[in-house]
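I have placed the structure first, in the form of structure tokens, so that the comments after it can refer back to it.
The values are calculated or read from the model by the stated rules, or taken from the named source; none is laboratory data. The structure displayed is predicted, hence computed values, not measured ones. Cβ placement follows ideal geometry from the backbone for every residue including glycine, while neighbour counts extend to all protein chains displayed. Just so you know, the surface numbers come from the protein's heavy atoms only, side chains and all, with ligands and any DNA or RNA stripped out. Shrake-Rupley method; radii C 1.70, N 1.55, O 1.52, S 1.80 Å.
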Amino acid sequence: MASTVAAIATGSAPGGIGVIRISGERAVAIAAEVFSPMDGSSLCDMKGYRAKYGHIVLDGEQADNAVALIFRAPKSYTGEDVAELSVHGGLLMVQKTLEAVLKAGAAPAGPGEFTKRAFLNGKLDLTQAESVAELIAAEGEQSLKASYHALQGALSRAVNGVLEKLLDTSALMAAWVDYPDEEIPALSYEELTATLSECQTALQALLNRYDNGQTVTKGVTTAIVGRPNVGKSSLMNMLTRTDKSIVTHIEGTTRDIVEENIRLGGMVLRLMDTAGLRDSQDLVEAIGIQKAYQALEEAQLVLAVFDASQPLDEYDRELMEKCRGKKAVAVINKTDLTPLLDTAIVEAAFEKTVSISAKFDEGLDSLSAAVSELLGVANFDTAAPLLANARQKQHCERAYESLCEALDGAAAGVTFDALNVMIDSAADELLALTGKKATTEVVENIFKNFCVGK
Ligand code: GDP
């Protein structure tokens, strides 16, 4: 860990600038070997939070104009000395500068190594480190906001608030049990129950928000289904603003599932346009139809499309039946044509029904509102603490279960030392959640999923 590491911090595509980040004890000295400031000064004499304009020098020759940014430990992202070289963002220049930095003595940074060092140096806790990865992966606006608030410590504060109460209670109980003769204020079962219930409620609130949080941050798989020609592909295109799905008036055009991620109402839908539902003698189409039914079954959200200009037929009715009990929005398309559909029957079968004209691009706002209301994320507060992944949820669940046990025990008059074991195990889970008591294995596992340069 003591070594100085370096990596390209920006993307692997050409851009205006590319940044090489170096972190560790020798970061500035190594940067000084490849960068010479325009004013003839030495990078090594620079204080933190300062920038110098100068040249990248490769094999003794000036190769590019660049800017060096210096951060001094502990006031940097990693908590170590950090130098960032911003060069012109042609990929070759960025790579050559990195090679020179490695030649000057830096080791190549592993996946997530900068964030891992930040964690190990106490700059971030594990939930914040994980939110760095979420922030970079975020596709939807809500997801972006939620990860930002996690990075600011929204979840850490909520968890640490509970943890503090548990540790105070545990210390008091231990003292009470171990030193019965000392004048330690007595703790009653009522007080204990009140504190534990408060902690239990706080954890319950976090667990309750998990599913909606996942919907908002990870997106939902969404199947667009309906019989042929109702306008499924047109709806897909309206949503994606592209012509990815093939639109024709010939029935059975979409045979395989066409997939695309889109943002709707601040969240991400993982859209699947499917083959039209009907009986088909064509083998390929029949397989497509089978896949459509499977998508309908498995999707977290269904957009069931109906044609406003046609009366309901057996396939429409079958679709209505299959959507029962699912999170499904009825999308009545072609409202620009003379209405023949009995919309009341459709409306009665679905929790949400919206009218659109995919051809004239009408109805997107009401579809967006219906989707976020149906998924329960219309008023989702992205600033509130949020468990971001299965690891965090599991620790929270286990802590919650230990608290339930402790509360049951307190109600049954179980001794304080026995109760304290349960409280300690809840506290341990919360310490693992924020990483204060995470094993090396867990930490390695988290950071191995990061990209190099983060
Ligand atoms: P799919 O088979 O359900 O995917 O339907 P398509 O999207 O391929 O559309 C079938 C036909 O309906 C095409 O000729 C589209 O131009 C037409 N269509 C789709 N949406 C509308 C609409 O809102 N209004 C009208 N008038 N025609 C539409």
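Quick check on region 368-379. Is at least one of its residues within 16 Å of the ligand (Cβ to nearest atom) and buried (at least 19 other Cβ atoms within 10 Å of the Cβ)? Looking through region 368-379, none of the residues is within 16 Å of the ligand (Cβ to nearest atom) and buried (at least 19 other Cβ atoms within 10 Å of the Cβ).
For region 290-324, name all the residues that are open to solvent by 90 Å² or more (accessible area, probe 1.4 Å) and either touching a Cys at 6+ places or on another chain (Cβ under 6 Å) or without any contact (Cβ under 8 Å) to a residue 60 or more places away in the chain (or both).
Passing the criteria: 290, 294, 297, 314, 317, 321, 324.
Residue-wise test of (1) of a type in the set (Ser, Thr, Tyr); (2) surrounded by fewer than 23 Cβ atoms within 10 Å (Cβ to Cβ); (3) in contact with a Gly (Cβ under 9 Å, 6 or more places away or on another chain).
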| position | (1), (2), (3) |
| --- | --- |
| 89 | no, yes, yes |
| 102 | no, yes, no |
| 123 | no, yes, yes |
| 127 | yes, no, yes |
| 137 | no, yes, no |
| 155 | no, no, no |
| 161 | no, yes, no |
| 173 | no, yes, no |
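Going through (1) touching a strand residue (DSSP E or B) at 6+ places or on another chain (Cβ under 9 Å); (2) surrounded by 20 or more Cβ atoms within 10 Å (Cβ to Cβ) one by one, residue 452 falls short only on (2). Got at least one residue in region 21-35 being under 21 Å from residue 3 (Cβ atoms), in a strand (DSSP E or B) and either open to solvent by 10 Å² or more (accessible area, probe 1.4 Å) or at pLDDT below 95 (or both)? Yes, some residue in region 21-35 is under 21 Å from residue 3 (Cβ atoms), in a strand (DSSP E or B) and either open to solvent by 10 Å² or more (accessible area, probe 1.4 Å) or at pLDDT below 95 (or both). Among the residues making up region 215-236, a single one is over 12 Å from the mean Cα position of the chain (by Cα), open to solvent by 10 Å² or more (accessible area, probe 1.4 Å) and more than 8 Å from the ligand (Cβ to nearest atom): 221. Scan region 318-357 for residues that are under 15 Å from residue 231 (Cβ atoms) and not polar (S, T, N, Q) and the total you get is 14. If you go through region 43-58 and keep only what is touching a strand residue (DSSP E or B) at 6+ places or on another chain (Cβ under 9 Å) and not in a strand (DSSP E or B), you end up with 43, 46, 47, 48, 49.
Here is a yes/no grid of residues against (1) at pLDDT 95 or above; (2) at negative phi; (3) of a type in the set (D, E, K, R):
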{"position": "83", "(1), (2), (3)": "yes, yes, no"}
{"position": "90", "(1), (2), (3)": "no, yes, no"}
{"position": "93", "(1), (2), (3)": "no, yes, no"}
{"position": "104", "(1), (2), (3)": "yes, yes, no"}
{"position": "125", "(1), (2), (3)": "no, yes, yes"}
{"position": "140", "(1), (2), (3)": "no, yes, no"}
{"position": "143", "(1), (2), (3)": "no, yes, no"}
{"position": "146", "(1), (2), (3)": "no, yes, no"}
{"position": "149", "(1), (2), (3)": "no, yes, no"}
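What do you reckon, is residue 341 surrounded by 19 or more Cβ atoms within 10 Å (Cβ to Cβ), hydrophobic (A, V, I, L, M, F, W, C) and in contact with a helix residue (DSSP H, G or I) (Cβ under 8 Å, 6 or more places away or on another chain)? So residue 341 does not fit the description; no.
Just for region 252-279: of the residues that are open to solvent by 50 Å² or more (accessible area, probe 1.4 Å) and more than 16 Å from the ligand (Cβ to nearest atom), which one is modelled with the highest pLDDT? Filtering region 252-279 for residues that are open to solvent by 50 Å² or more (accessible area, probe 1.4 Å) and more than 16 Å from the ligand (Cβ to nearest atom), the one modelled with the highest pLDDT comes out as 270.
When you check residue 57 against the structure, is it buried (at least 20 other Cβ atoms within 10 Å of the Cβ), over 30 Å from residue 125 (Cα atoms), touching a Ser or Thr at 6+ places or on another chain (Cβ under 6 Å) and in contact (Cβ under 8 Å) with a residue 12 or more places away in the chain, yes or no?
no
Taking into account only those residues within region 344-359 that are polar (S, T, N, Q) and open to solvent by less than 50 Å² (accessible area, probe 1.4 Å), which is nearest to the ligand (Cβ to nearest atom)? Checked region 344-359; the qualifying residue nearest to the ligand (Cβ to nearest atom) is 357.
For region 388-406, does any single residue satisfy the condition of being more than 30 Å from residue 215 (Cβ to Cβ) and surrounded by fewer than 19 Cβ atoms within 10 Å (Cβ to Cβ)?
Scanning region 388-406, I find at least one residue that is more than 30 Å from residue 215 (Cβ to Cβ) and surrounded by fewer than 19 Cβ atoms within 10 Å (Cβ to Cβ), so the answer is yes.
Scan region 325-334 for residues that are open to solvent by 80 Å² or more (accessible area, probe 1.4 Å) and over 11 Å from residue 222 (Cα atoms) and the total you get is 1. When residue 118 is tested against (1) touching a Gly at 6+ places or on another chain (Cβ under 9 Å); (2) small (Gly, Ala, Ser); (3) not in a helix (DSSP H, G or I), only condition (3) is not met.
Residue 67 meets the conditions (1) among the hydrophobic types (A, V, I, L, M, F, W, C); (2) open to solvent by 30 Å² or more (accessible area, probe 1.4 Å); (3) over 22 Å from residue 11 (Cβ atoms) in every case but one. The failed one is (3).
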